[in-house]
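First comes the structure, then the notes that go with it.
The values are calculated or read from the model by the stated rules, or taken from the named source; none is laboratory data. If you're wondering where the values come from, they're calculated on a predicted model, not measured in any experiment. As a convention, Cβ positions derive from the backbone with ideal geometry for all residues, glycine included, and neighbour counts pool all protein chains shown. The accessibility values were calculated without ligands, DNA or RNA, using every heavy atom of the protein model including side chains. Shrake-Rupley method; radii C 1.70, N 1.55, O 1.52, S 1.80 Å.
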Amino acid sequence: MKFLQLAIAMALLVNAAIAGSALAAEPDPWNVYQDGLPDSANALRFNIDACVEISRQHVDPAGKQAWENAKEPLANELRDAIGLLPWPEKTPLNVQVTGRADRDGYTIENLAFESFPGFYVTANLYVPKGIEEPMPAIVVTAGHAMEEGKNYDLYRTAQLGLVRQGYVVLAYDPVGQGERRLRGNGHAVSYPAMLVGHTNLRYMLWDSIRSVDYLETRADVDPKRIGIAGNSGGGLNTMYAMPVESRFAAGASFCCLCSYEAWIKDGGNHCICNHLPGIAQHMEQFQFVGLAAPRPFMAGNGQKDPIFPIVGTRDTIRRAQQIYGLYDSADQVALSEAPAGHGWSKPLREAGYGWFNRFLQGRGDGSPVAEPEIPLEDRSSKDLYVFKDGKLPADAKSYVDLVREEADRLVQGYADVPSDADAYAAWAKDLRGKLWETLGGKPVEFESKPADHGAFDWEGRSVKRLSLRTERDLEVPALLIQPEDAQGPLPLVIVLDAGGKQAAMKSETVGRLLDQPIAVLALDVRSLGEGKVNPNQCASDAIVLGRPLLAQQAWDVISTARTLSGQEEFDKVAVYGRGSTGLIAMLAAALSGEIDAVATQWTIGSFVDAIADPLPQPMWVYAPNILKVADVPQLAALCAPRPMLLANPVDGKKKSLSDAEGKVLFDPVLAAYRATAAESGAQLATGKESDQAAGDFLIKTLLP
């Protein structure tokens, strides 16, 4: 009996499993691609391939004169991408020494200095005993050890190993790590920092540069023998600091140097720290290494490192050696490899000791130097911390604070939107040109008919699955719904929603449109909805490409509007974006005349409000340098004289704007619409009535 019961139970389980499998295999009717996202619609694949294609176009210099001619433009492009062009003002360091501790063979000094006013850097200075002064020094920059920072055991091992070799070592906490791991200092803040032309690297490198400024004040340090070293994120700091700061006499970057081609193609998903706006357009890594020539530079990498493939590092060093060879110094750039993965392994540390000994102390031939056993004290020791109570000074500023200050400065410097017709026309033409330049240039228009992927019924309506090619190597999926029994050309509304096509169709506004003779196209612009891919990897690779995702997504809308407005069944084309996708809708309308009307709802009223930690907007919103050119009000002003609605705009916390904030947003828009004799065409809806406003606006605008 028990056996029979068991058999029946097992049969039921098998049947349930089969039924569950069948249900799981049932295709989602809302997906255009029933067999999964193809490469032709994969935004990440598109950006990776585009970066690789561009990276392969950077060629070795033809000779010394060719390199000399290229150096200054390359150096400026590098500094500009980092955010160090122009060079920031060097303000007082205001150094504080908060503690000193004696150890066997060295002392520890706890330091704090301000790399920018109120931006505190916490550091430990290790000073060897019994060494003739002035001594060589090395700035050691930490990788991504977020809680421990400079006090991470692996990094302290390297720091003390260098001290034992006779170096003064200044080890500091990068922003967002160790004692600087505070709200407002997160590494993801690099996304909003890019809105103003800043990056994580700007602040990381500036901390290293100001570390040199401090070391130069010390009588026990030889200012002509200062080096820099670091691993992973610290290796990133090192490899960019060398070409940017000529006072570094030698550098050793561990587990980071690669090539843009290999790192993007095969290295996977990286911290935004690694990504510089448009850098792939301007150079490959061998070129910025070459900018440091003939100063000694070594890369140390693991042969099994999955995120910085060794093949890219080898190629970069080989090509950099050709540049160093132009200065008879090919032996002053080198690669040390270890049969290991990602990390500052003992063989790499030993290679670093030998490298620095040769070039900063004039001893040895650069071969690795054995590392003795290095005991570490408990990292909770107060002697390793600058601020013993765990708190930065009361006047400390965060990364977010500094970026917002720059954003406010930029926005306050905008010229007023002209209310005169001729002046507005000139202003709009100039601003569109600057926007296209800032966003990576206007792509090549690609003419293609929508591809039909079948249809399904939804609430009594037939829904067509379409894909639309918006670029040579990319298409986007969409669902087209036309009212039943509609006659003649219909107005069309392109509907955007960060949650994708299915979320868009749940909108009350969409339901109202479909009750009218208005067609709806629920569009998944690249990387959203059905096309969703790794958000950080796709957004950051697009930044390296120099075509931010926000601009790419706006181009999807522009191309779609152009394609469908050319179809016989459609006449006017409007775009409606909810939430963050309202920015896509507005940017598309601002840049193109293909769109006849635009409506946004619950969309942020200023990019400045998107500057916060954690990020209040999706990563794709953050287009590098856009605040140097325009904010949301200026984009909206470019839509004149076409009908436009801003329904219930919100701040960075997704709260409705106050009356004063709404005025700041809308006044420039009204000026533009006055200039084009279309003042009634611009509408701002707030409060409860805004829930109905988008539907009312689109119906009134599109139907006679």
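Descriptive notes on the structure:
- ³J(HN,Hα), Karplus 6.51/-1.76/1.60, whole Hz, each residue of the range 469-474, x for Gly, Pro: 7, 9, 9, 3, 10, 8
- When the square roots of the Cα gyration tensor eigenvalues are ordered a ≥ b ≥ c, the ratio a/c for the range 17-117 is 1.5 or more and a/b does not exceed b/c, which makes its shape oblate.
- Whole-angstrom gap from the range 377-415 to the range 510-531, using each part's C-alpha centre: 44
- Peptides 324-333, 196-205, 365-374, 225-234 ordered by packing proxy, namely the average of other Cβ atoms within 10 Å per residue, highest first: 225-234, 196-205, 324-333, 365-374.
- The long axis of helix 581-591 is offset from the longest Cα principal axis of the chain by roughly 80 degrees.
- Set of lysines with alpha-carbon distance to residue 688 below 28 Å, sequence-local pairs under 8 removed: 501, 506, 653, 654, 655, 663, 700
- Helical content of the chain, expressed as a calculated mean residue ellipticity at 222 nm, amounts to -11500 deg cm²/dmol (DSSP H runs of 4 or more residues, -39,500 (n - 2.57) each, divided by residue number, nearest 500).
- Highest-first arrangement of 415-422, 673-680, where packing means the average Cβ count within 10 Å: 673-680, 415-422
- Computed with every protein chain present, the accessible area of residue 515 is close to 110 Å² [probe 1.4 Å].
- Local electrostatic count, residue 597, Cβ distance below 9 Å [Lys/Arg +1, Asp/Glu -1]: +1
- Normalising by residue count, the chain has a Cα convex hull of 208 Å³ per residue.
- One Cα centroid belongs to the range 126-144, the other to the range 279-307; the line between them spans 24 Å.
- Normalising the average separation of contacting C-alpha pairs (under 8 angstrom, six or more residues apart) by the number of residues puts the relative contact order of the chain at 14 percent.
- Stretching residue 96 away from residue 506 to a fully extended chain increases their span by 141.8 nm, per 0.36 nm per residue minus the current alpha-carbon distance.
- One equal scatterer on each Cα of the range 94-133, no solvent, Debye formula: the resulting log10 I(q)/I(0) at q = 0.23, 0.33 Å⁻¹ is -0.73, -1.04.
- Each peptide in 247-253, 459-465 receives the mean, over its residues, of other Cβ atoms within 10 Å, and ordering these scores from highest gives 247-253, 459-465.
- Estimated vicinal HN-Hα couplings, Hz - the range 669-684 in sequence order (Karplus 6.51, -1.76, 1.60; Gly, Pro = x): 5, 4, 4, 5, 6, 5, 4, 9, 6, 9, 4, 6, x, 9, 10, 10
- Accessible surface computed residue by residue for the range 331-408, with neighbouring protein chains in place and a 1.4 Å probe, gives 49 Å² per residue.
- The long axis of helix 690-702 is offset from the longest Cα principal axis of the chain by roughly 60 degrees.
- Solvent exposure of the range 652-691 amounts to 61 Å² per residue of accessible area, where only protein heavy atoms count and the probe is 1.4 Å.
- Global form of the range 603-662, assessed from the alpha-carbon gyration tensor, a/c cut-off 1.5: oblate
- Environment charge of residue 296, counting only residues whose C-beta is closer than 10 Å and scoring Lys/Arg +1, Asp/Glu -1: +1
- Computing Rg and the Kirkwood Rh from the Cα coordinates of the range 206-338 gives a ratio, Rg/Rh, of 0.97.
- Between helix 200-215 and the chain: long-axis angle, C-alpha atoms, 0 to 90°, nearest 10: 20
- About the centre of its Cα atoms, the chain shows a dipole size close to 980 debye [charges on the beta carbon of Lys, Arg (+1) and Asp, Glu (-1) only; nearest 20 debye].
- Rolling a 1.4 angstrom probe over the protein heavy atoms with all chains in place gives the range 438-502 an accessible area of 47 Å² per residue.
- Here the accessible area of the chain is 51 percent carbon and sulfur, with a 1.4 angstrom probe and all protein chains present.
- Computed over the alpha-carbon atoms, the range 289-374 gives an Rg to Rh ratio of 0.99, Rh here being the Kirkwood radius from the mean inverse distance.
- The range 27-97 and the range 424-494 have Cα centres spaced 28 Å apart.
- The range 124-212: C-alpha gyration tensor shape, a/c 1.5 cut-off, then a/b vs b/c: prolate
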